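Each remark here refers to the structure printed beneath this line.
The values are calculated or read from the model by the stated rules, or taken from the named source; none is laboratory data. Everything quoted here is computed from the prediction, not taken from an experiment. Neighbour counts run over all protein chains shown; Cβ positions are idealised from the backbone, glycine included. Heavy atoms of the whole protein, side chains included, go into the accessibility calculation; ligands, DNA and RNA do not. Shrake-Rupley method; radii C 1.70, N 1.55, O 1.52, S 1.80 Å.
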Amino acid sequence: MLNQIKDLHKQIKEISAASAQQAEELRIKYLGQKGIVKHLFDQFKQLSKEEKKSIGAPLNILKKEVQEKIEALKQQFESHTNVSSSASKDLTLPGSDSFKGSIHPIWATKQQICEIFSKMGFCLSEGPEVEDDWHNFTALNFPEHHPARDMQDTFFVDNNKGYSLRTHTSSVQVRVMENQKPPIKTISPGRVYRNEAISARSHCFFHQIEGLYIDEKVSFASLKQTLLTFAQEFFGAETKIRLRPSYFPFTEPSAEMDVSCFICKQEGCNICKYSGWVEILGCGMVDPNVLSNCGIDSETYSGYAFGMGIERMTMLKYQINDIRLFYENDQRFLSQFKTL
Ligand code: DAH
């Protein structure tokens, strides 16, 4: 019987199959109910105890070897089938749709506003988010004890109140005026920070766009026309504007600008609180003190400035009622802006 086992070892090494069917036939021949291995096990049962001791182990090894070989033969055809079936796939078909992101609504609004002003000749300038006292406050004519300088409103970076996270993009005005000679016509978008409780209406950081125009004989009328053009481009051609007197330390005179409510067309709605007008920005003529602080001759030059919140513009445009949605990165919210 040992000789039979040895012969089978040899045979098994040499067998091969040309098809899945041949492999199956070999399985039946060796491992089937009436197969060679089964037959050997039947013979094994007839042996004496002594013989069983010497034959048992080689017989089991043989069985394992046969099983592995047949399995290998079969697998060879299974993988062949896969290859041939993938070869029959149409590789010229477009791939399955992968996940596509979308432009963040704050970014899209920023881009749109910048484009409108760039068509009117404004160039782009940016400044740092960590700002010193001079650029964020002093050069802009903020008095020593102005409430905006307070710990409650501003995130200070050091204890000496020397550096803070900028509270507005007006700081960029100062940097531009210090570094360029008039005529200056620039817009400065960027993130600003305020020590505010987070709610549906306010956040501790948001985005602004600042505008600045300095030249000889820049007038308030020119400011008004620029802002009207902007409002009509952004909210629609029928949009009207109105300027209300206001106060900012860095402009004199100062104003706040409202646009006619583009939702209800001044019929009265929640957005305009039934007034027909929606406030969108602050503006004014650059205070001569600010010009001199930045090394510009206030006798020769005048200028206007304006600043608006990008979140506010986006919320109005898309009627979004909670500012926190912009920063939560919730796909359900963001995917609604896929077409932007
Ligand atoms: N800096 C102001 C703010 O953060 C916005 C502003 C108002 C900017 C009037 C200006 C301006 O340039 O002229 O509320």
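With an 8 Å cut-off on Cα pairs and a minimum separation of 6 or more residues, tell me the relative contact order of region 18-176 in percent.
Working: 89 pairs, mean separation 26.6, N = 159.
In percent, rounded to a whole number, it is 17.
I'd like the distance between the alpha-carbon centres of region 21-52 and region 166-201, rounded to an integer number of Å.
Result: 89 Å between the Cα centres.
As a test of the definition: which semi-axes, in Å, follow for region 2-82 when you take the square root of five times each eigenvalue of its alpha carbon gyration tensor? Largest first, please.
Working: eigenvalues 155, 26, 18 Å².
Each semi-axis is the square root of five times an eigenvalue, giving 28, 11, 9 Å.
Identify the residues of region 179-197 with backbone N under 20 Å of a label point that sits 7 angstrom from the Cα of Thr229 along the Cα-to-Cβ direction, or state none.
182-189
Would you mind checking which residues have amide H under 5 Å from Tyr163's amide H? H placed 1.01 Å from N; only 5 or more apart, or other chain.
Counting only residues 5 or more places away or on other chains, the set is Val157, Asp158.
Measuring with a 1.4 Å probe in the full set of protein chains, what accessible area per residue, in whole Å², belongs to the chain?
Details: 19480 Å² over 340 residues.
Accessible surface, normalised per residue, equals 57 Å².
Can you figure out the FRET efficiency of Thr300 with Ser275, using R₀ = 51 Å and their beta-carbon distance, to the nearest 0.05?
Values: r = 41 Å, r/R0 = 0.80.
The computed FRET efficiency comes out at 0.80.
Over the chain, calculate the relative contact order: mean separation of alpha carbon pairs under 8 Å at least 6 apart, over the residue count, as a percent.
16 percent
Using θ = phi - 60° and the Karplus form 6.51 cos²θ - 1.76 cosθ + 1.60, what ³J(HN,Hα) does each residue of region 172-180 get, whole Hz, x for Gly and Pro?
Calculated HN-Hα couplings, in order: 5, 3, 4, 4, 5, 5, 5, 9, 10 Hz.
Ignoring ligands, DNA and RNA, what percent of the accessible area of the chain is carbon or sulfur (1.4 Å)? Mind dumping the intermediate values first?
On the way: 9960 of 19480 Å².
Carbon-and-sulfur percentage of accessible area, whole number: 51.
With r as the distance between the Cβ atoms of Arg324 and Ile28 and R0 = 45 Å, compute the FRET efficiency 1/(1 + (r/R0)^6) and round to 0.05.
0.05
Counting pairs of alpha carbon atoms under 8 Å apart in space and at least six apart in sequence, what relative contact order in percent does region 143-190 give? Write down the numbers at each step before the final one.
Working: 22 pairs, mean separation 10.5, N = 48.
It rounds to 22 percent for region 143-190.
Output the direction-averaged projected area (hull surface divided by four) of the convex hull of the alpha-carbon atoms of region 89-150, in nm². Working shown, then result.
Working: hull surface 37.0 nm².
Average of the hull's projected areas for region 89-150 equals 9.3 nm².
Which of the cysteines in the chain are isolated, no other cysteine C-beta under 4.7 Å?
Cys114, Cys123, Cys204, Cys283, Cys294
Compute and list, largest first, the equivalent-ellipsoid semi-axes of region 57-202 from the alpha carbon gyration tensor, each √(5λ) rounded to a whole angstrom.
Values: eigenvalues 954, 132, 39 Å².
Values for region 57-202, descending: 69, 26, 14 Å.
What distance in nm separates the simple spin-label points at Leu124 and Asp97, each placed 7 Å from Cα in the Cβ direction?
Taking the simple label geometry, Leu124 and Asp97 are separated by 3.1 nm.
Going by amide H atoms built from the backbone, whose H comes under 5 Å of the H on Leu281, apart from near neighbours?
The list, which skips near neighbours in sequence, is Met257.
Apply 1/(1 + (r/R0)^6) to the Cβ-Cβ distance of Gln180 and Ala200, taking R0 = 51 Å, and write down the FRET efficiency to the nearest 0.05.
Details: r = 40 Å, r/R0 = 0.78.
Efficiency, rounded to the nearest 0.05: 0.80.
With +1 assigned to the C-beta of every Lys and Arg and -1 to the C-beta of every Asp and Glu, and no other charges, what is the dipole magnitude of region 1-98 about the Cα centre in debye, to the nearest 20? If you can, show how the numbers build up before the last one.
Working: 16 positive and 13 negative charges, 132 e Å.
Magnitude of the dipole: close to 640 debye.
Quick one: what are the phi-derived ³J(HN,Hα) couplings along region 141-147, Karplus 6.51/-1.76/1.60 with θ = phi - 60°, whole Hz, x for glycine and proline?
6, 6, x, 3, 10, 4, x
Could you name the lysines in cross-link range of Lys10, using Cα to Cα under 28 Å and dropping any fewer than eight places away on the same chain?
Qualifying lysines at Cα under 28 Å: Lys29, Lys34, Lys38, Lys45, Lys49, Lys52, Lys53, Lys63, Lys64, Lys69, Lys74.
Sorting Leu47, Leu212 by accessible area (1.4 Å probe), largest first, what list results?
Output order, biggest surface exposure first: Leu47, Leu212.
Under 20 Å from a point 7 Å along the Cα-to-Cβ line of His104: which residues of region 156-193 have their amide N that close?
165-170, 188-193
Mind checking which of Val66, Ile106, Gly282 is farthest towards the positive end of the chain's charge dipole, using Cβ charges of +1 (Lys, Arg) and -1 (Asp, Glu) about the Cα centre?
Val66
Mind checking which lysines have their C-alpha under 16 Å from Lys265, skipping anything on the same chain fewer than 8 residues away?
Partners within reach: Lys240, Lys273, Lys317.
Under 19 Å from the Cα of Lys100, which lysines turn up, not counting those fewer than eight places away in the same chain?
Answer for Lys100, where 19 Å is the Cα cut-off: Lys338, listed by chain and number.
What dipole magnitude, in Debye to the nearest 20, does the chain give about its Cα centre under +1 on Lys/Arg Cβ and -1 on Asp/Glu Cβ? Mind dumping the intermediate values first?
On the way: 40 positive and 42 negative charges, 504 e Å.
Taking the Cα centre of the chain as origin, the dipole is about 2420 debye.
What does the convex hull of the Cα atoms come to per residue for the chain, in Å³? Spell out each step's value before the answer.
Numbers: hull volume 105.0 nm³, N = 340.
Considering the Cα atoms of the chain, their hull volume per residue is 309 Å³.
Could you run the Karplus curve 6.51 cos²θ - 1.76 cosθ + 1.60 with θ = phi - 60° over region 118-133 and give me ³J(HN,Hα) per residue in whole Hz, x for Gly and Pro?
Computed from phi, the couplings for region 118-133 are 5, 5, 8, x, 7, 9, 9, 9, 10, x, x, 7, 8, 10, 8, 4 Hz.
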